[in-house]
Amino acid sequence: MLIQIPRGTYDVLPDESAVWQKIEETARKVCALFNYKEIRTPLFESTDLFQRGVGDTTDIVQKEMYNFKDRGDRSLTLRPEGTASVVRAFVEHKLYGLPNQPAKVYYIGPMFRYERPQSGRTRQFTQFGIEALGSQDPSIDAEVIALAMTFYQSLGLKKLKLVLNSLGDPESREAHRNALIAHFKPSIGEFCEDCQNRLEKNPLRILDCKKDHNHPLMETAPSIIDYLTDSARDYFSHVKEMLDEMGITYELDPTLVRGLDYYNHTTFEIMGSSKGAITTLTGGGRYNGLVSELGGPETPGVGFALSIERLLLALEVENISLQSEGALDCFISSIGDEAGKKASVILYELRQAGLRADKDYMDRKVKAQFKQADRDHAKFVIVIGDEELEQQKAVLKNMADGTQEQVAFVSLADFIKSKISSGV
Ligand code: HAM
């Protein structure tokens with residue numbers, strides 16, 4: 001029996017990886033423009049981190065985490081998201097004590113959630129995310145959103161919709177919470193078991209329920225916008241004003257609650273035209289209580305994450321191809337054992353000189369070696385046979401125009417480099 005890949009995972013094959021590299025490179029470039037630096041945290045953390053960080057009543061913690069015991073009987077979890085880990089690292093390394101505030105970081109890496117796999121939803125997926133910790137300024141909420149939009153636009157995506165909401169401060173949240181309990185309590189028996197459990201613990205989660213989203217009480221549920229305190233409303237106005245000034249358009253959606261518990265104030269999603277039912281490309285927002293919840297000093301934070309899997313679907317729908325050519329500078333074709341040995345040495349020298357080069361390793365005939373050079377889109381082919389060995393000169397063929405010339409072995413690298421830099 002052949003062993004197969006686990007359900008909900010996939011391989012990125014050699015012909016597909018250039019697109020991933022291009023996306024990651026774009027993410028890194030945009031982060032550099034906005035002055036965000038990379039942080040790398042472990043793929044697994046203490047289970048407690050996500051229980052406390054993401055929230056006990058969320059679907060992620062209740063149903064989707066990959067938990068396991070290690071040989072030392074510790075309960076560990078494959079990270080389902082990046083924010084809790086970044087905050088843990090921020091607290092653990094006391095980054096809040098550094099003069100460089102806010103701490104602006106980004107990450108690109110795999111996350112794991114035990115979800116029902118479908119188009120755009122996998123059990124291992126790759127998030128690109130950013131977090132800005134330490135600033136209360138509404139303009140940094142706008143910066144975080146602007147970074148996500150700039151990233152998508154750099155890749156050529158156009159059909160994007162930014163959806164915005166505010167979940168307010170703790171006071172707004174408390175008033176809204178009480179209103180939600182009063183609203184749902186009399187009919188809670190009509191809701192699923194999860195919702196019944198959520199009623200007292202975290203009624204906001206009811207609004208996010210996948211099973212009961214069509215229940216009539218969902219539509220009439222009290223809206224957070226009506227419970228915002230003056231200062232929370234003011235904060236949100238500032239964020240909207242900054243986005244207006246930057247020319248970033250958005251839609252307001254007071255039902256946008258997000259699936260993780262740490263959010264307050266600004267929350268947002270960027271929707272894209274992906275195939276099938278899933279269209280949220282990016283989710284993010286402010287999480288002012290999370291650093292103190294995880295044992296650090298009171299520190300505000302804001303960020304987002306998006307997955308490359310969903311981005312690829314959106315690129316496909318908009319017919320955007322990110323294939324880079326991946327062309328070789330030169331391919332060495334050799335005839336005979338001695339020439340083959342020399343080809344290996346020259347190949348090494350070419351690579352040392354910074355040229356992308358390869359040779360035949362399959363004992364092919366000359367014609368087939370040229371075919372391989374074509375498959376690799378080689379700009380030049382170097383031919384070495386007995387005669388060339390004797391003269392210490394190779395035949396160099398320019399694959400673009402078919403011209404050939406003899407070049408001394410020792411001059412090959414410089415010669416090819418000068419041809420390439422002069423665009424020949
Ligand atoms: P999230 O909404 O859970 O937020 O996930 C963010 C993004 O990750 C989603 O918009 C989606 O693109 C992608 N995603 C989530 N689950 C899957 C999946 N199973 N397969 C493919 N893609 C998926 C967070 O993770 C927060 N940590 C975001 C954040 C950062 N908020 C503040 N800072």
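Exactly one condition in (1) away from the ligand (no atom under 12 Å from the Cβ); (2) surrounded by 15 or more Cβ atoms within 10 Å (Cβ to Cβ) is false for N214; which is it?
(2)
What residue, among those in region 1-42 that are in contact (Cβ under 8 Å) with a residue 60 or more places away in the chain and either small (G, A, S) or touching a Pro at 6+ places or on another chain (Cβ under 9 Å) (or both), is nearest to the ligand (Cβ to nearest atom)?
G8
Does Y106 meet the test of being under 21 Å from I23 (Cα atoms) and within 13 Å of the ligand (Cβ to nearest atom)?
Against the criterion (under 21 Å from I23 (Cα atoms) and within 13 Å of the ligand (Cβ to nearest atom)), Y106 qualifies.
May I ask you to verify whether P297 is closer than 28 Å to V86 by Cα and surrounded by fewer than 14 Cβ atoms within 10 Å (Cβ to Cβ)?
yes
Among the residues of region 251-280, how many are more than 16 Å from the ligand (Cβ to nearest atom) and either in a loop (DSSP other than H, G, I, E, B) or of a type in the set (A, V, I, L, M, F, W, C) (or both)?
Number of matching residues: 2.
Out of the strands (runs of 3 or more DSSP E) lying entirely within region 313-400, which hold 2 or more residues that are out of contact with any Leu (no Cβ under 6 Å at 6 or more places or on another chain)?
330-334, 380-384, 393-398
Of the residues in region 353-377, how many are within 19 Å of S411 (Cβ to Cβ) and either crowded, with 20+ Cβ neighbours inside 10 Å or without any contact (Cβ under 8 Å) to a residue 12 or more places away in the chain (or both)?
So the count comes out to 2.
For region 1-16, which positions are surrounded by 12 or more Cβ atoms within 10 Å (Cβ to Cβ) and not aromatic (F, W, Y)?
Matches in region 1-16: G8, T9, V12, E16.
What's the number of the condition E200 fails, among (1) touching a residue at least 12 places away in the same chain (Cβ under 8 Å); (2) under 21 Å from G284 (Cβ atoms); (3) exposed (fewer than 13 other Cβ atoms within 10 Å of the Cβ)?
Going through the list (1) touching a residue at least 12 places away in the same chain (Cβ under 8 Å); (2) under 21 Å from G284 (Cβ atoms); (3) exposed (fewer than 13 other Cβ atoms within 10 Å of the Cβ), E200 breaks only (2).
G326 passes all but one of (1) in contact (Cβ under 8 Å) with a residue 40 or more places away in the chain; (2) on the phi < 0 side of the Ramachandran plot; (3) away from the ligand (no atom under 16 Å from the Cβ); (4) not polar (S, T, N, Q); which number fails?
(2)
Can you confirm whether region 82-92 contains a residue that is on the phi > 0 side of the Ramachandran plot and either within 12 Å of the ligand (Cβ to nearest atom) or surrounded by fewer than 18 Cβ atoms within 10 Å (Cβ to Cβ) (or both)?
no
Yes or no: A314 surrounded by 13 or more Cβ atoms within 10 Å (Cβ to Cβ), closer than 28 Å to R116 by Cα and more than 9 Å from the ligand (Cβ to nearest atom)?
When the stated conditions are applied, A314 passes them.
Where a number appears in this text, it was derived from the coordinates with a stated rule and is not lab data. From a predicted model like this one, the values you see are computed outputs, not experimental measurements. Please note: Cβ atoms are built from the backbone with ideal geometry, for glycine as well, and neighbour counts cover all protein chains shown.
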